[in-house]
Amino acid sequence: MPIPIKDLHTADDTSFDYIVEQNATIKLKSSEGLVRCNVYRPKTSDKVPVLVTYGPYGKDVYYGEFYSNSFNEVNPEHRSEHSCWETPDPKFWTAKGYAVVRADERGIGQSPGLLDTMSRGTSEAFVEVIEWAAEQPWSSGKVGLLGISYYAGTQWRVAAHKPKGLAAIIPWEGMADYYRDRCRHGGILSSRFIKFWWNRQVVSNQYGRPASEGLNLSKDIDVTGPKRPDTAVGTLEGELPEDERERNRRDQTIDNANNHFRDDEYYASKEYDMGDIEVPLLSVANWGGILLHLRGNIEGFLHAGSSRKWLYTVIGRHDLPFYDMESVDLQLSFLDCFLKGDDRRGWTEGKVPPVNLVLRRGDVGFNNPAVEQAAFPRRCENEWPLARTQYTKYYLTPDLRLATQQQDLPTGHAKLRYKALGSLDNPQSLQFASAPFAAETEITGHVVAHLNVSMAPEPLGPTPSDIDLFVTLRHLGPSGKEVLYTGTAGDPVPLAKGWLRVSLRKTSPEHPKHQVWRPWREYLSTDVQPVIPGEVYGVDVEIWPTQVVVEKGGRIVLEVSSGDTQGCGMFQHDDPTDRSPAKFQGFNYVCFRPDMENYVTLPIIPEKTA
């Protein structure tokens, strides 16, 4: 028999150093259904500010079971009985004078309704959760948002709605642009991660799912990483049959495959204006997040309308830096300033520079937090991109070099060929290497590759009608060995990656976000342009921002490929329909002619002058 909603709310004042309230209910006005949340608050009669998280991984799912390997490496101060993946730990934050509200997103865990992650509807429900938290009798009326990844990406959207009570946000590694950052890199479907994420971490927590139902993972998503533990609780009202659960969700694996352009209703409904964000924000980007969040944190910082905003970069696996002592001290000082009025660091007094960068110098290996933290220094800046950036062209040559002088370019015609439809298991690429750098050289900022490309069919093969470009920036140390860095999941990654589907090559120079250092594309259905065998197309490929200090004798390599190569990890673009042989199979070319320059523009940073 279903348990009545009024009996679901329970409180525990005795077992912990803080008050625990489970399944507090928020009746939604913006849509059908309700949202349930757990409340953790200090044992005090004082009104306190609130930290809110709202997401799809289950508010009652214990971090230690959701991803035990990660949990065991988290700073012990942030491991407790109520720890939850990618969210602030209640034991720590209640001791600092904050309430923590952790909500099950609509359609997840104990919250009935339509499961439609990252949608307009779920953002509107998030607004109601924030306003509810601000209105509670134990609340000071000020709400802050703090969380990693999904719990960061949703902050941009909900802040643009300007909910009452929202006072500050810290999107910690959170993509800001659903289409460009996450789903369709350069117009190419990022299929592998979406499948992994949806099946392993989201739909497994859907409202009404039997606790005993296994994940039934297929081989291509059965990889190490977080998943719903077998001991997770079932829905309090009881189970729902699979056909009803299917009707109650928008499946991201289906929707992203079936929708291709930003003017499709599916993507258009998720758009918002970053300029509407007005609250103070601290955007935290990870240099290793080269396939998911990094771009969003940079763009969010650049385009948010907030008069008080800061950009802070980190390194390491995406789940650990959030909890280390230096990071938590930063979070606490920021939130204390804007939620409690305690500005001990000087956020409102101009004492905190707008940009704080960690600088990657030397080869210290990867996925070793202690070594990385000790080896890489920090430097403060006043703006992003850095005003003193010297955008420098390195020209591709037919003999696979990156030349700094235009006189090194060919005087005749040449083409370099590689097979289309390369993959991680069968890479097809060209690599262009610079000469050893004569002095230590810093590269920090946005990168653009300008390429002249064409394609042709294979003998007896189909006639191709498009080209997918996968571009990677790599760093070789003085010994010639590639220097790799820590990626999102602890895997080794290169400096940066970029992508482009050539049929979507059209840029929008009139758009206010278009810059020479970052071409802007709308990715609309009306932007599609033909790609015909034998024709040469000059294209600008956006490569995501990066940072490195190349040692004397080190080199930079630009890799141009027709599919995923080393460093893509779980973020592969391997959907057989999106990248079908009928459309892409054949040979791709980089073309050289006296009137056609191929180059990569690197943001070189001279030393600061006094």
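Read-outs throughout are calculated quantities, based only on the coordinates presented, and are distinct from any laboratory measurement. The structure displayed is predicted, hence computed values, not measured ones. Here the Cβ is made from the backbone with ideal geometry for all residues, glycine too, and neighbour counts use every protein chain on show.
Taking only Cα atoms of the chain, what ratio of Rg to Rh do you get with Rh as the Kirkwood inverse-distance radius?
On the way: Rg = 24.6 Å, Rh = 25.2 Å.
With Rh from the inverse mean 1/r over Cα pairs, Rg/Rh is 0.98.
Given L460, Y523, F437, which one lies farthest toward the positive end of the charge dipole of region 390-605, if we put +1 on the Cβ of every Lys and Arg and -1 on the Cβ of every Asp and Glu?
Of the listed residues, the answer is F437.
Kindly rank 508-517, 345-354, 471-480 from highest to lowest mean number of other beta carbons found within 10 Å of each residue. Can you show the working numbers first?
On the way: 508-517: 11.7, 345-354: 13.6, 471-480: 18.7.
The most tightly packed comes first, giving 471-480, 345-354, 508-517.
Could you list F66, F92 so that the one with the fewest beta carbons within 10 Å of its beta carbon is first and the one with the most is last? Could you put the intermediate results ahead of the total?
On the way: F66 23, F92 19.
So the residues, fewest neighbours to most, are F92, F66.
For Q529 and N426, FRET efficiency with R0 = 30 Å and r from the beta-carbon atoms, rounded to 0.05? Don't skip to the end; give the middle numbers.
Working: r = 28 Å, r/R0 = 0.95.
Efficiency for this residue pair is about 0.60.
How much length, in nm to one decimal, is gained on full extension between E326 and Q406, taken as 0.36 nm per residue of separation minus their Cα-Cα distance? If you can, show how the numbers build up before the last one.
On the way: separation 80, 0.36 × 80 = 28.80 nm, distance 4.61 nm.
Length gained, E326 through Q406: 24.2 nm.
With the cut-off at 30 Å, tell me which of the pairs K270/K340; K29/K506; K27/K91; K415/K497; K142/K608; K59/K351 have Cα atoms farther apart than that. Present the calculation step by step, with values, prior to reporting the outcome.
Values: K270/K340 33 Å; K29/K506 41 Å; K27/K91 27 Å; K415/K497 23 Å; K142/K608 40 Å; K59/K351 37 Å.
In this structure, K270/K340; K29/K506; K142/K608; K59/K351 lie more than 30 Å apart at Cα.
In degrees, nearest 10, range 0 to 90: what is the angle between the Cα axis of helix 294-303 and the longest Cα principal axis of the chain?
Here the helix axis deviates by roughly 80 degrees.
Let's test the formula: R0 of 56 Å, r as the Cβ-Cβ distance of Y418 and A95. What FRET efficiency results, to the nearest 0.05? Can you show the working numbers first?
Numbers: r = 57 Å, r/R0 = 1.02.
It comes to 0.45.
For region 13-61, which trypsin sites (Lys or Arg not before Pro) are both in a DSSP coil and crowded by at most 15 other Cβ atoms within 10 Å?
Details: sites: K27, K29, R36, K43, K47, K59; in loops: K29, K43, K47, K59.
Counting only loop positions with at most 15 other Cβ atoms within 10 Å, the trypsin sites (Lys or Arg not before Pro) in region 13-61 are K29, K43, K47.
Roughly how many nanometres apart are two label points built 7 Å out from the Cα toward the Cβ at E135 and T348?
2.7 nm
Starting from the Cα of E244, step 7 Å toward the Cβ, then list every residue of region 168-212 with an amide N under 20 Å from that point.
Inside the label zone: 203-212.
Could you calculate the contour length gain from N69 to K29, that is, 0.36 nm times the residue separation minus the distance between their Cα atoms, to one decimal place in nm? Please list the in-between numbers first.
On the way: separation 40, 0.36 × 40 = 14.40 nm, distance 3.97 nm.
Computed gain between N69 and K29 is 10.4 nm.
Assign unit charges at the C-beta atoms only (+1 for Lys and Arg, -1 for Asp and Glu), then state the dipole size of region 390-605 relative to its Cα centre in Debye, rounded to the nearest 20.
Working: 19 positive and 24 negative charges, 56 e Å.
Dipole of region 390-605, to the nearest 20 debye: 260 debye.
Take the alpha carbon atoms of region 107-161, find their center, do the same for region 172-212, and report the distance between the two centers in whole angstrom.
Centre-to-centre distance over Cα atoms comes out at 18 Å.
Please work out the Cα center distance from region 573-610 to region 417-473, rounded to the nearest Å.
Taking the Cα centre of each part, region 573-610 and region 417-473 sit 5 Å apart.
Calculate the dipole size of region 488-584 relative to its Cα centre from +1 charges on Lys and Arg beta carbons and -1 charges on Asp and Glu beta carbons; express the result in debye to the nearest 20.
On the way: 11 positive and 13 negative charges, 45 e Å.
I would put it at about 220 debye.
For a Förster distance of 45 Å, can you work out the FRET efficiency between the beta-carbons of A370 and Y391, rounded to the nearest 0.05?
Numbers: r = 36 Å, r/R0 = 0.79.
Once rounded, the FRET efficiency stands at 0.80.
Restricting the count to DSSP beta bridges whose residues both fall in region 390-605, what percent are antiparallel, rounded to a multiple of 5? Please report the intermediate quantities before stating the final value.
Values: 59 of 61 bridges.
Close to 95 percent.
Which order do the peptides 268-276, 191-199, 457-465 take when ranked by the mean count of other beta-carbon atoms within 10 Å per residue, highest first?
Details: 268-276: 14.8, 191-199: 21.2, 457-465: 13.1.
Per-residue mean Cβ counts within 10 Å order the peptides as 191-199, 268-276, 457-465.
Using the Kirkwood formula on the Cα atoms of region 390-605, what hydrodynamic radius do you get, in angstrom to one decimal? Write down the numbers at each step before the final one.
Values: mean 1/r = 0.0561 Å⁻¹.
Result for region 390-605 stands at 17.8 Å.
Of all DSSP beta bridges located in the chain, what percent are antiparallel, nearest 5? Let's see the in-between values first.
Numbers: 81 of 111 bridges.
The answer is about 75 percent antiparallel.
Just to confirm the number: angle between the C-alpha axis of helix 325-335 and the first principal axis of the chain, 0 to 90 degrees, nearest 10?
In the chain, helix 325-335 runs at an angle near 70 degrees to the longest axis.
Nothing charged except the Cβ atoms of Lys and Arg (+1) and of Asp and Glu (-1): what's the magnitude of the dipole of the chain about its Cα centre? Round to the nearest 20 debye. If you can, show how the numbers build up before the last one.
On the way: 67 positive and 81 negative charges, 226 e Å.
With only Lys, Arg, Asp and Glu charged at Cβ, the dipole is about 1080 debye.
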